[in-house]
Amino acid sequence: MWGKGALITLEGIDGSGKSAIAGLLCKELSKRGYPVTCSYEPRFEEYKRLIRGLGEDRESIYVEAMLFAADRLLHYSRILRPALMKGHIVIVDRYYHSSLAYQGARGVPLEWIRSLNRFVPRPDMAIYLDVDPRVGLSRKEGEAWDKARFQKLGLLERVRGIYRRLAEGGELILVDADRPLSKVYGDVLSLILGFLGRRGGRD
Ligand code: TYD
């Protein structure tokens, strides 16, 4: 915990509604008087470009994990830490657990991913929006930079499996996202307001 700042992350497979919910949360928390910083990962275009350019050889999944970790460490030092130091509530669309779930699902050992990411702090609260990958994929349309690499049913089923195990282990709070967005958003907002209320005032 960072003074009155807090690092809150939203996790889930593609099409789980994370980005829409992150946007709504940021508006609502600002309206309620909290200083808020909203961000997302992967954060920097140059890293996305490198990830997209990777091949499918055996080593690529490890390089991919390193590139996501590098993007995260820079994101943390340039954007997240300064906001936390100012006491902001920081909402991040994907963070540490995306690497565990996605690169884990691609075959990288979880302990290795944890170790790569040891220079960034764990979130104060991590919310996982759980949805069947078929539902998630059906919500996505058009071309995306990550479509060929990450938006594939088999992979997303494994990603979901890891997220669910992390939730069972208490690292993530699971919210059922196979419902209308307004319901999912309502639950996420209550969880966050409950958390902020328990940790004390906002000044
Ligand atoms: P996404 O949130 O969809 O970003 P964008 O809006 O830029 O497309 O993330 C892109 C993909 O990157 C997504 O399929 C999940 C993947 N990803 C990882 O595999 N590991 C990570 O650590 C992160 C942050 C994302």
*How about the range 106-116: which of its residues are free of Cβ contacts under 8 Å to residues at least 24 places away in the same chain and part of a loop (DSSP other than H, G, I, E, B)?*
PRO109
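Residue-by-condition table, conditions (1) within 14 Å of the ligand (Cβ to nearest atom); (2) surrounded by fewer than 22 Cβ atoms within 10 Å (Cβ to Cβ); (3) not in a helix (DSSP H, G or I):
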residue	(1), (2), (3)
ARG43	yes, yes, yes
ASP71	yes, yes, no
ARG81	no, yes, no
ARG118	no, yes, yes
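In the range 1-41, how many are within 16 Å of the ligand (Cβ to nearest atom) and part of a helix (DSSP H, G or I)? Step through it out loud before you land on a result.
Going residue by residue through the range 1-41, those that are within 16 Å of the ligand (Cβ to nearest atom) are 7-23, 25-26, 38-41.
If we keep only those that are part of a helix (DSSP H, G or I) as well, we get 18-23, 25-26.
Counting residues in the range 1-41 that are within 16 Å of the ligand (Cβ to nearest atom) and part of a helix (DSSP H, G or I) gives 8.
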*If we keep just the residues of the range 153-203 that are touching a residue at least 12 places away in the same chain (Cβ under 8 Å) and of a type in the set (Ser, Thr, Tyr), which is farthest from ALA6 (Cα to Cα)?*
TYR163
*For the range 88-116, which residues satisfy the criterion of being surrounded by 16 or more Cβ atoms within 10 Å (Cβ to Cβ) and more than 14 Å from the chain's Cα centre (by Cα)?*
HIS88, ILE89, GLY104, ALA105, ARG106, VAL108, ILE113, LEU116
*Mind listing whichever residues of the range 174-201 are in a loop (DSSP other than H, G, I, E, B), surrounded by fewer than 16 Cβ atoms within 10 Å (Cβ to Cβ) and in contact with a helix residue (DSSP H, G or I) (Cβ under 7 Å, 6 or more places away or on another chain)?*
ASP178
*Check whether at least one residue in the range 165-173 is assigned to a loop (DSSP other than H, G, I, E, B) and either more than 30 Å from GLU59 (Cα to Cα) or modelled with pLDDT under 95 (or both), and report yes or no.*
yes
_Inter-residue pairs, beta-carbon under 6 Å, first in contact (Cβ under 8 Å) with a residue 40 or more places away in the chain and within 25 Å of VAL135 (Cα to Cα) and in the range 1-30, second assigned to a loop (DSSP other than H, G, I, E, B) and within 16 Å of the ligand (Cβ to nearest atom), 6+ apart_ = THR9/TYR95; THR9/PRO123; ASP14/LYS140; ASP14/GLN151; GLY15/LYS140; SER16/VAL131; SER16/ALA177; GLY17/ALA177
*the range 133-163, residues that are of a type in the set (D, E, K, R) and at pLDDT below 95*: ARG134, ARG139, LYS140, GLU141, GLU143, ASP146, LYS147, ARG149, LYS152
*Looking only at residues in the range 55-69 that are within 12 Å of the ligand (Cβ to nearest atom) and in contact (Cβ under 8 Å) with a residue 24 or more places away in the chain, which one is farthest from PRO121 (Cα to Cα)?*
ILE61
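The values are calculated or read from the model by the stated rules, or taken from the named source; none is laboratory data. Please read all numbers here as calculations on a predicted model, not as lab measurements. Glycine also receives a Cβ, built like all others from the backbone with ideal geometry; neighbour counts cover every protein chain displayed.
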